[in-house]
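The values are calculated or read from the model by the stated rules, or taken from the named source; none is laboratory data. Being a predicted model, the structure only gives us computed values, none of them experimental. Don't worry about glycine lacking a Cβ; one is built from the backbone with ideal geometry, like all the others, and counts go over all protein chains shown. Accessible surface areas use protein heavy atoms only, side chains included; no ligands, DNA or RNA. Shrake-Rupley method; radii C 1.70, N 1.55, O 1.52, S 1.80 Å.
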Amino acid sequence: MSTGLKKVLGPFQLWGIAVGLVISGEYFGWSYGWNTAGTLGFLVATVLVATMYTTFIFSFTELSTAIPHAGGPFAYARRAFGPTGGFIAGFATLVEFVFAPPAIALAIGAYLNVQFPAINPKWIALGAYVLFIALNWAGVGIAAAFELFVTLLAIFELLMFMGVVSPGWSWANFTANGWAGGTVLNGAAISGIFASIPFAIWFFLAIEGAAMAAEEARDPHKTIPIAYTTGIITLVLLAFGVMIMAGGVGDWRQIANINDPLPQAMKVVVGENSGWLHMLVWIGLFGLIASFHGIIMGYSRQIFALARAGYLPAYFAGLSPRFNTPHRALLAGGVIGVFAIFSDEWIKFGGQTLTANIVTMAVLGAIVMYLISMAALFKLRRTEPNLERTYRAPFYPVFPAIALGLGVVCLGAMVWFNVMLTLLFLGLMALAYGYFLLTASQRNAAAPDAMLST
């Protein structure tokens, strides 16, 4: 049985994966941050989070080029901190990448349900899983080409949105009642800024998933730095552009608590019957599809890498004989996602539906993974000074220290405002750790992997 993935991806395709993984976050989800922080408060939160992600990615790229492994963060933590470190990073990454797709699939279902009200959005979400698991199964080259295509369309549309609303934009509209609905920065506004952090993270969540395609990259030492550095710059520019332009047309409070802020902001400027608006609604679907498809690619590589290393049953490390893709890992994540979709209404937690909670769970997993990745960077610089580093984190140790410090701030805010969900996250981690302790023989039987050990 082959345990190797095909090396077919160049820098442009990897850039498409890095940006595509995230780009749905520019279309929906972030505007809920206005609900708690206001436009100016959320701008502060987004500056903090964008700083964290920029310094994180410039630092994380050192790890992904030195250790180009399908497990991504799992591999870095495993190498730096041993089997338990690998477990923590692997669990956190799985939570992020397995829990995010059902939320996006339901958003795709809701989007298409507006056009086809007779079709249950959950069946559309199920169809999305079937279609994009099949596309990923058919080969990473095909999957990456599709990802690049829909990502470019989604970026074009975001730029189009900014251009179309610009005649109706004003700074006065953006700043009106901008501190959590008030005009001054006070205690309530500061509290709102911290409460809005998960929604600012949604702008950038999952960009690190491109590292999981490292084993499929041609010349990863060159392609990964190009893809990551251009990817984070692309996303920062789009996030601030979209947020500032949407907040300056009309009364931003009208679009602070809805799932389709861009069409509603555009409607203020061009009216309900404009061709521009219909174009936005239809092409907007591509932003959701790009992220959904890219995160499926990411979770399958994570499950595959964990199974290959003995952290999950070896069965999930199987590759399709025909396409050389991790088909069993694709299906495993899909089963969990489909279960989440169809149990959405009858599993309630903290007064919210499952979907509302799984977005926050995905963010929790991401922050934990960011922290252990930065800790691994510091550890490996100390313990393996001779590790081949064709790319080194700029301004070391300042950049990774900023990413680590802001990551701790974000985690603190997440825990403070989501105590019950944090306890659920820790409960799931405890169960997973029990499995980890019982399966040492499984890891001992796994094939040796030079990238996981010194």
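Taking segment 64-93 as the range and being over 18 Å from the mean Cα position of the chain (by Cα) and within 16 Å of Arg389 (Cα to Cα) as the test, the residues that pass are Thr65, Ala66, Ile67, Pro68, His69, Ala75, Tyr76, Arg79, Ala80. The sole residue among Ile224, Ile283 that is crowded, with 24+ Cβ neighbours inside 10 Å, touching a residue at least 12 places away in the same chain (Cβ under 8 Å) and part of a helix (DSSP H, G or I) is Ile224. Quick one: is Phe378 modelled with pLDDT under 85 and either in contact with a helix residue (DSSP H, G or I) (Cβ under 8 Å, 6 or more places away or on another chain) or within 29 Å of Thr51 (Cβ to Cβ) (or both)? The answer is no for Phe378.
Of Leu94, Leu21, Leu63, all but one fail to be surrounded by fewer than 24 Cβ atoms within 10 Å (Cβ to Cβ) and in a helix (DSSP H, G or I); the exception is Leu94.
The listed residues are Gly209, Gly241, Gly192, and the only one of them that is in a helix (DSSP H, G or I), within 20 Å of Asn259 (Cα to Cα) and either modelled with pLDDT under 95 or in contact with a strand residue (DSSP E or B) (Cβ under 9 Å, 6 or more places away or on another chain) (or both) turns out to be Gly192. No other residue among Ala145, Ala134, Ala89, Ala100 is in a helix (DSSP H, G or I), at pLDDT below 95 and over 18 Å from Ala18 (Cβ atoms) apart from Ala134.
Residue count for segment 315-338, restricted to those that are open to solvent by 50 Å² or more (accessible area, probe 1.4 Å) and modelled with pLDDT of 90 or more: 6.
One residue alone among Ala446, Ala450, Ala401 is at pLDDT 95 or above and out of contact with any Asp or Glu (no Cβ under 7 Å at 6 or more places or on another chain), and that residue is Ala401. Taking the conditions (1) in a helix (DSSP H, G or I); (2) more than 25 Å from Ile358 (Cα to Cα); (3) touching a residue at least 12 places away in the same chain (Cβ under 8 Å) in turn, Lys6 satisfies each one other than (1). The combined condition, being part of a loop (DSSP other than H, G, I, E, B) and out of contact with any helix residue (DSSP H, G or I) (no Cβ under 8 Å at 6 or more places or on another chain), is not fulfilled by Val249. Residues in segment 391-425 that are of a type in the set (Phe, Trp, Tyr), open to solvent by 40 Å² or more (accessible area, probe 1.4 Å) and farther than 14 Å from Thr54 by Cβ: Tyr396, Trp416, Phe417. Condition first: within 22 Å of Leu153 (Cα to Cα) and in a helix (DSSP H, G or I). Now tell me which residues in segment 24-59 satisfy that. Those that are within 22 Å of Leu153 (Cα to Cα) and in a helix (DSSP H, G or I): Ser24, Gly25, Glu26, Tyr27. From the list Phe116, Phe194, Phe146, Phe156, the one residue that fits, being open to solvent by 30 Å² or more (accessible area, probe 1.4 Å) and without any contact (Cβ under 8 Å) to a residue 40 or more places away in the chain, is Phe116. The residue pairs whose first member lies in segment 82-105 and is within 11 Å of Val359 (Cα to Cα), whose second member is of a type in the set (S, T, N, Q) and open to solvent by 10 Å² or more (accessible area, probe 1.4 Å), and whose beta carbons are closer than 6 Å, counting only pairs six or more residues apart or on different chains, are Ala103/Thr355. Of the residues making up segment 276-319, those that are among the charged types (D, E, K, R) and under 17 Å from Leu14 (Cβ atoms) number 1. With the structure loaded, tell me whether Arg301 is at pLDDT below 90, buried (at least 24 other Cβ atoms within 10 Å of the Cβ) and not aliphatic (A, V, I, L, M) or whether it fails that test. In short, yes. Scanning segment 427-443 for residues that are assigned to a helix (DSSP H, G or I) and either modelled with pLDDT under 90 or surrounded by 12 or more Cβ atoms within 10 Å (Cβ to Cβ) (or both) yields Leu428, Met429, Ala432, Tyr433, Tyr435, Phe436, Gln442, Arg443.
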